[in-house]
Amino acid sequence: MRKIIIGLICCLCFGNCFAEESDSVIYHIVTTVCENSANSATVNYHCSNPSSYVLYTKASDKAFRKAVKVEPESALWSTKGIENTAKETTFFTKERYVCSAHLSGLKPNSEYIFKIVSQGTESKVFSFATSGKRGKWNFVAFTDFQHKGNRETLPLIQNMKELAHPALVICSGDMVDVAGKEDGWFWLLDNDVFRDFVYAASPGDHEYWADDTGRKYPQYNSPHTFNHLFKFPGNGAPMSPNSTYWFLYNNVLFIALDMNNSNVATGPRFEDQVKWFEKTVEILKGRYQYIVVYEHKSIYGSSKIDSVVAARLRPQWAPVFKKCGVDLVLSGHDHIFSRTEQIDGTFYLDMGSSGDKRRAIDSSVAEGDGIHAKVLDLKNQGLCCACNVEVSKRGMKVTVYNQRKEAVDSFEISPKRKYSRKTENRGEQVFHPTTFVGAGAGINF
Ligand SMILES: [Fe+2]
Ligand SMILES: [Fe+2]
């Protein structure tokens, strides 16, 4: 009977595994970035069974004849009994093994395939590519997918894959509406669109949401489910492990920040991130030509939707980005699209929404106000957005697309730093003295 039930569940919800004849279910499979994306990647998944492993090989080895087996780090987890998640409607109450397999020693600029095996169950075959491509390359960014089942997000991702073929995909948070509810994650992660790229995300305030009963915003104190779905590089700010981190991808240093939940915009966790950010940029100097930050709350976005962002986060972070020479900040949160002029060397791109939650422009964001170069009324125009960033040693070109693959904004960023062989990051090991390892890092907290 149990087998039949699991099989049925699998057919209905678990788009990325086969489990009709097995007791094991493998789901939420996502490939995430490592510190140096030219020689490594992490495969994250949840599994109903304690024993599982990843088989990976070069993409040309379709029969997996030369496959390498990697056993994951694995820990039994559920949100049962955790404050704010007691309700059975939060589907993470079901116990499962949270797994992350670190694939290392990979070749730069190469395509790989993998599958996950557990007790006779095999996942579908996934693919990804390492960084290390010489010359021009690109990545795609999204924000605020948010409402499960909305009709915009998945076609938008599919369109961006067709248009830009990204090896790297980024999201600046609010991936689901209520992070404590697993059905949103099934919708986003377990479908045939959300795969075959390396993923990097920063948490939004909705990644702090547990149960939304009564809309009283009961929240986790950390992006708890985010940290159990994605194992990002363990090099983040000490007080925000896994939800802050950096990675090198060709000539770009990417930095993910954690702008906390809906009500918090100041405090020790922010000060800790500022220190870590400045130190990271300094220590890695010479290894990157550009700095791209992705974080959830738009510090030059609407000051009416969430007034504390402009009041508190802007004075805290704008001087840091100026001092560190950040080239591009990708964000969302207010569901209004706005892109700034270059402010003290930095472009701020509030991508607004990559789903159907949209707001109309308000008076705090207007083209020609001396701050904003481009504003889109997502609500009245019925738009959602994603951007493709093409990077070369001569500059970065950012093109914003709507859900119909139409370009709705574009701008270019000139390099502030010189290109050199060292900024290519083709697989040399990097180790950051602030790397945060051990208890508290990654999935085990
Ligand atoms: Fe949002
Ligand atoms: Fe948000």
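All C-alpha to C-alpha distances of the range 275-395, sorted into 10 Å bins beginning at zero, yield P(r) values of 13, 44, 31, 11, 1 percent in whole numbers. Would you work out if the range 118-175 is rounded, prolate or oblate? Take a ≥ b ≥ c from the square roots of the eigenvalues of the alpha-carbon gyration tensor; rounded if a/c is under 1.5, else prolate when a/b is larger than b/c, oblate otherwise. Judged from the Cα gyration tensor, the range 118-175 comes out oblate (a/c at least 1.5, b/c at or above a/b).
Percent of accessible area on the range 217-328 owned by carbon and sulfur, 1.4 Å probe? Heavy-atom surface of the range 217-328 belonging to carbon and sulfur, 1.4 Å probe: 52 percent.
Taking packing as the residue-averaged number of other Cβ atoms within 10 angstrom, the listed peptides 299-309, 332-342, 417-427 run from highest to lowest as 332-342, 299-309, 417-427. Compared with the alpha-carbon gap, the fully stretched path from GLU95 to GLU278 is longer by 62.0 nm at 0.36 nm per residue.
Of the residues ASN227, GLN273, MET259, the one whose Cα sits farthest towards the positive end of the charge dipole of the range 137-424 is GLN273 (charges of +1 on Lys and Arg Cβ, -1 on Asp and Glu Cβ, taken about the Cα centre). Over all pairs of different C-alpha atoms in the range 330-403, the reciprocal of the mean inverse distance, the Kirkwood hydrodynamic radius, equals 12.7 Å. Between LEU76 and GLU341, what FRET efficiency follows from the Cβ-Cβ distance if R0 is 60 Å, with the result rounded to 0.05? Computed FRET efficiency for LEU76 and GLU341 comes out at 0.75.
Accessible surface for the range 137-424, divided over its residues, is 32 Å² per residue with a 1.4 Å probe.
When each of the peptides 172-179, 70-77, 196-203 is scored by how many other beta carbons lie within 10 Å of its residues on average, the order from highest to lowest is 172-179, 196-203, 70-77. The amide H of THR79, built 1.01 Å from its N in the peptide plane, has THR93, LYS94 as neighbours under 5 Å, considering only residues 5 or more places off or on other chains.
Output the peptides 383-392, 245-254, 113-122 sorted from most to least packed, where packing is the average of other Cβ atoms within 10 Å over each peptide's residues.
Packing order, densest peptide first, comes out as 245-254, 383-392, 113-122.
Each residue of the range 414-427 was assigned a 3J(HN,Hα) from its phi angle through the Karplus curve 6.51 cos²θ - 1.76 cosθ + 1.60 (θ = phi - 60°); the sequence is 7, x, 8, 10, 6, 7, 8, 4, 5, 7, 6, 6, 9, x Hz, with glycine and proline shown as x. Convex hull volume of the C-alpha atoms in the range 236-331, normalised per residue: 84 Å³. Per residue of the chain, the DSSP helices (runs of n ≥ 4 H) give a summed -39500 (n - 2.57) that works out to -4500 deg cm²/dmol at 222 nm.
Residues whose amide H lies under 5 Å from that of ALA373, counting only those 5 or more places away or on a different chain, are ARG339, THR340, GLU341; hydrogens are built 1.01 Å from N in the peptide plane. Remark: the range 229-243, residue by residue, has Karplus-estimated 3J(HN,Hα) of 10, 10, 9, 8, x, x, 10, x, 4, x, 8, 9, x, 6, 8 Hz, where x stands for each Gly or Pro and the curve is 6.51 cos²θ - 1.76 cosθ + 1.60 at θ = phi - 60°. When only Cα pairs below 8 angstrom with a gap of at least 6 residues are kept, the range 137-424 shows a relative contact order of 19 percent. For the chain, modelled as a GNM whose springs connect Cα atoms under 10 angstrom apart, the maximal fluctuation among ALA210, ALA311, ALA237 occurs at ALA311. Simple spin-label estimate for GLU390 and VAL193 gives 2.5 nm between the two label positions (7 Å along the Cα-to-Cβ direction from each Cα). Spin-label model, VAL408/PHE64: points 7 Å from Cα along the beta carbon direction are separated by 4.1 nm.
Structure note, pairs LYS80/LYS275; LYS357/LYS405; LYS58/LYS161: Cα-Cα distances above 27 angstrom occur for LYS80/LYS275.
Report the Rg/Rh value for the range 93-229, based on alpha-carbon coordinates and the Kirkwood definition of Rh. So for the range 93-229, dividing Rg by the Kirkwood Rh gives 0.99. Of the three principal axes defined by the Cα atoms of the chain, the extents in descending order read 65, 54, 43 Å.
The values are calculated or read from the model by the stated rules, or taken from the named source; none is laboratory data. Bear in mind that the values here come from a model prediction, so they are computed numbers and not experimental data. Positions of Cβ are backbone-derived with ideal geometry, glycine not excepted, and every protein chain shown enters the neighbour counts. Accessible surface areas use protein heavy atoms only, side chains included; no ligands, DNA or RNA. Shrake-Rupley method; radii C 1.70, N 1.55, O 1.52, S 1.80 Å.
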